[in-house]
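Enquirer: What follows is a single structure, and I will ask about it in a moment.
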Amino acid sequence: MSSHKFENKVIQWLDDRLPIFSVLQHDAIDYPTPRNLNYWWNFGSLAGIMLVIMLLSGIFLAMAYTPNVNLAFGSVERIMRDVNYGWLLRYLHMNGATWFFVVVYIHIFRGLYYGSYKAPREVLWWLGLIIYLVMMGTAFMGYCLPWGQLSFWGTTVITNLFSAVPLVGDAVTTWLWGGFSVDNPTLNRFFALHYLLPFVLFALVFLHLVALHTTKSNNPLGIDVKGPQDTLPFHPYYTIKDLFGLGILLMFYLGFVFYNPNYFAEPTNYIPANPLVTPPHIVPEWYFLPFYAILRSVPDKLGGVIAMFGAIVIFFFLPWIDSSKVRSATFRPIYKQIFWIFVIDCLVLGYIGSQPPEGIMVPLGRVFSVAYFAFFPLLWVIGKLERPKPLPQSIAAPVLKGSHASHSDKPKEKA
Amino acid sequence: MRKFLLSTLAAGLMVAAFPALAEEAALPHQPWPWLGVFGQYDKAQLKRGLQVFREVCSNCHSLKLVAYRNIGYFGFTDDEIKDIAAEKQVQDGPNDQGDMFMRPARPSDRFVPPFPNDQAARVANNGALPPDLSLMTKARPGGPDYVFALLTGFTDPPKNFTLPDGMYYNEAFPGHQISMPPPVADDAVTYADGTKATKEQIVKDVTAFLNWSAEPELDVRHSLGLKVMLFLFVLTALLYALKRKIWADVH
């Protein structure tokens, strides 16, 4: 296992017994990374860093938070007012959710654009989707915890979706709630699960990385690495590039934390939960809005729930739906356009989800929901019809302007 | 790189535009002193706002999340805070005899509410419940601008508008029917610092006080934020320079 030799004898002794140093050497320093990765490849490591920030701020918040319907709202305000830098912890956590999702959405769309889901990376793609699903569950349960009006009513609306399941729906909902409405048992279990799931996420991220380092990174050209001339060691080339990207992300994230911490929040959630007063407009957090729009676009409750979950589940089949062998949209003139139309469709759905479901928003929601699902069969058809542009010989060829083109493509990768 | 930054910016703007689009007709913006990167509360104004709150608002509204000790931030001495707190009585106990008893409030107590419970508040206010004001500027769209518009928005109802008995017409309030009578007029208070107490001045001061009640951390947040952002700016610039240097032999 430990192939690397270390100068320091203590490190060598430990590494012979537990190969942490040679694994780090292999996977974080020498790891051969395609030399042509652009800045869109920053978002994977940024997502990992956001997860760590969320874990740390969350653990310290949990030390001062009380999961009880009578005390939760007040305990959050106590964190804001009386805990030393409690306001910073809470705003970091609250805005961290927003930027975590921003980063992850960019990461997913990057994978979509450059065909990172195609063979041999299907399992890597699945693990990413599972991470995304668990993240959504975690975020949803976290939003319940401050026990404001939208915490309560958002939880009520979304958990009620399960009552659409035929026959056992009502029983399932009662079981989820731990009672006959969203109440103290619901808050307690949501807190327990909200604390648990990030560690599940951490394990899933680890598997995601194992899968990544098995199949290796995709790259903007979407062609396979042919040899060492196509790669660079991860350190220092990509460590520094990722660090620079982190600096940019932190400026956005902390800019909001310090100067507009409630920008992405709904004012209604600063009113304590009241089961007797329904807020006029119940909206989820912004990162759920496209799916919320799809849910409301289907006039049937069960149909809406199926469409909403289907909108995510369908991504699991993407590696087989997309019939093109070419990965990168750079060489797929028609797919490139369809991709951007899909991105715009998602943004418009998000806007529709933020509006009350009345007037023009209802037909608009339906049109854009249909367009969302039309993307997938279209992807299959385009793959069959499209004439992709010619692919370059190797990654090194276009990067080095052809000077290394004569290099043999014998695989010389290190073990 | 440029293309990347531009598209990131465009995506960021689209994300940022969502809540903005969702907002209804914008309220007139007031030039609050705490706005902006360098914005801080005006402590003299907070003192005046506290006076308005104690003399006017607190007759009906509670402020349950703020403690008397917190107003030390405005520059009150410990003795002054003790005196302010001691004007109100709170129930404490049980004592050694097992009885509950009343005692003057202490700086560690939260602002004493005017009514013992919501039902008592409703009975005294014609069936309406005066909301707690601790988080008011955070709990309404428009925040302090909304509070300002509401407190200055009392007018005669337009023709054809039937106003039920005991209700008042307010331009800013959703539905325009509000149970609260116009709370302030010119010279409703006499300021200790000699500021002329016009209606607008009173409303501004009390809104500033309520914004502080909702976000007492704002001053620290802004000044710490400035240092953090400056540091990040320098750090990121250095990281970029280092990136260029490391990658120089590759390109």
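Enquirer: Only residues that are away from chain B (no Cβ under 11 Å) and of a type in the set (Phe, Trp, Tyr): list them for segment A:209-268, please.
Expert: Selection gives A:Phe234 alone.
Enquirer: Which residues, counting only those in segment B:211-226, are in a helix (DSSP H, G or I) and within 11 Å of chain A (Cβ to nearest Cβ)?
Expert: Let us first name the residues in segment B:211-226 that are in a helix (DSSP H, G or I), namely B:211-214, B:218-226.
Within segment B:211-226, B:Ser213, B:Ala214, B:Leu218, B:Val220, B:Arg221, B:His222, B:Ser223, B:Leu224, B:Gly225, B:Leu226 qualify.
Enquirer: Of all the residues that make up segment A:194-230, how many are within 21 Å of the chain's Cα centre (by Cα) and open to solvent by less than 30 Å² (accessible area, probe 1.4 Å)?
Expert: Result for segment A:194-230: 8.
Enquirer: Of all residues in segment A:264-315, which are open to solvent by less than 40 Å² (accessible area, probe 1.4 Å), part of a loop (DSSP other than H, G, I, E, B) and not hydrophobic (A, V, I, L, M, F, W, C)?
Expert: A:Pro279, A:Pro284, A:Glu285
Enquirer: Restrict the check to segment B:158-166 and report whether at least one residue is part of a loop (DSSP other than H, G, I, E, B), exposed (fewer than 11 other Cβ atoms within 10 Å of the Cβ), more than 23 Å from the chain's Cα centre (by Cα) and acidic (Asp, Glu).
Expert: Here is the first cut: in segment B:158-166, the ones part of a loop (DSSP other than H, G, I, E, B) are B:158-166.
Of the ones still in play, those that are also exposed (fewer than 11 other Cβ atoms within 10 Å of the Cβ) are B:158-162, B:164-165.
Those left that are additionally more than 23 Å from the chain's Cα centre (by Cα): B:158-162, B:164-165.
When the remaining residues are screened for being acidic (Asp, Glu), the result is B:165.
Checked against the condition, which is being part of a loop (DSSP other than H, G, I, E, B), exposed (fewer than 11 other Cβ atoms within 10 Å of the Cβ), more than 23 Å from the chain's Cα centre (by Cα) and acidic (Asp, Glu), segment B:158-166 yields at least one hit.
Enquirer: Among the residues of segment A:121-130, are any within 14 Å of another protein chain (Cβ to nearest Cβ) and either open to solvent by 30 Å² or more (accessible area, probe 1.4 Å) or in a helix (DSSP H, G or I) (or both)? If you could, list the steps in order and put the result at the bottom.
Expert: Taking segment A:121-130 and keeping what is within 14 Å of another protein chain (Cβ to nearest Cβ), we get none.
So far as segment A:121-130 goes, no, none of its residues is within 14 Å of another protein chain (Cβ to nearest Cβ) and either open to solvent by 30 Å² or more (accessible area, probe 1.4 Å) or in a helix (DSSP H, G or I) (or both).
Enquirer: Only residues in segment B:227-251 that are more than 16 Å from A:Gly255 (Cβ to Cβ) and part of a loop (DSSP other than H, G, I, E, B) count as the first member; pair them with residues that are open to solvent by less than 80 Å² (accessible area, probe 1.4 Å) and among the charged types (D, E, K, R), Cβ under 6 angstrom, at least 6 apart or cross-chain, and list the lot.
Expert: none
Enquirer: Right, next: For B:Ala208, indicate whether it is part of a loop (DSSP other than H, G, I, E, B) and more than 9 Å from every other protein chain (Cβ to nearest Cβ).
Expert: Details: part of a loop (DSSP other than H, G, I, E, B): no; more than 9 Å from every other protein chain (Cβ to nearest Cβ): yes.
Against the criterion (part of a loop (DSSP other than H, G, I, E, B) and more than 9 Å from every other protein chain (Cβ to nearest Cβ)), B:Ala208 does not qualify.
Enquirer: From A:Gly310, A:Gly304, A:Gly350, which residue is of a type outside the set (A, V, I, L, M) and within 14 Å of chain B (Cβ to nearest Cβ)?
Expert: On the way: A:Gly310 fails: within 14 Å of chain B (Cβ to nearest Cβ); A:Gly304 fails: within 14 Å of chain B (Cβ to nearest Cβ).
Being of a type outside the set (A, V, I, L, M) and within 14 Å of chain B (Cβ to nearest Cβ) holds for just one of A:Gly310, A:Gly304, A:Gly350, which is A:Gly350.
Enquirer: Of these, A:Leu221, A:Leu249, A:Leu232, which one is modelled with pLDDT of 95 or more, in a strand (DSSP E or B) and more than 30 Å from A:Phe152 (Cβ to Cβ)?
Expert: A:Leu232
Enquirer: Kindly indicate which of B:Val184, B:Val220, B:Val147, B:Val206 is closer than 30 Å to B:Glu55 by Cβ, modelled with pLDDT under 95 and surrounded by 12 or more Cβ atoms within 10 Å (Cβ to Cβ). Explain how you work it out, then say what you get.
Expert: Details: B:Val220 fails: modelled with pLDDT under 95; B:Val147 fails: modelled with pLDDT under 95; B:Val206 fails: modelled with pLDDT under 95.
Going through B:Val184, B:Val220, B:Val147, B:Val206 in turn, just one is closer than 30 Å to B:Glu55 by Cβ, modelled with pLDDT under 95 and surrounded by 12 or more Cβ atoms within 10 Å (Cβ to Cβ): B:Val184.
Enquirer: Here's a follow-up. Only one of A:Gly137, A:Gly115 is modelled with pLDDT of 95 or more and crowded, with 23+ Cβ neighbours inside 10 Å. Can you tell me which? Break it down stepwise before answering.
Expert: On the way: A:Gly137 fails: crowded, with 23+ Cβ neighbours inside 10 Å.
Going through A:Gly137, A:Gly115 in turn, just one is modelled with pLDDT of 95 or more and crowded, with 23+ Cβ neighbours inside 10 Å: A:Gly115.
Enquirer: Moving to a separate point now. As an exercise: evaluate B:Ala85 against (1) closer than 20 Å to B:Ser179 by Cα; (2) aliphatic (A, V, I, L, M); (3) crowded, with 19+ Cβ neighbours inside 10 Å and give the number of the one condition it does not meet.
Expert: (1)
The values are calculated or read from the model by the stated rules, or taken from the named source; none is laboratory data. Only a predicted model underlies this, so the values are computations on that prediction, with no experimental measurement involved. Note: ideal-geometry Cβ built from the backbone for every residue, glycine included; neighbour counts use all protein chains shown. With ligands, DNA and RNA removed, areas are computed over all heavy atoms of the protein, side chains included. Shrake-Rupley method; radii C 1.70, N 1.55, O 1.52, S 1.80 Å.
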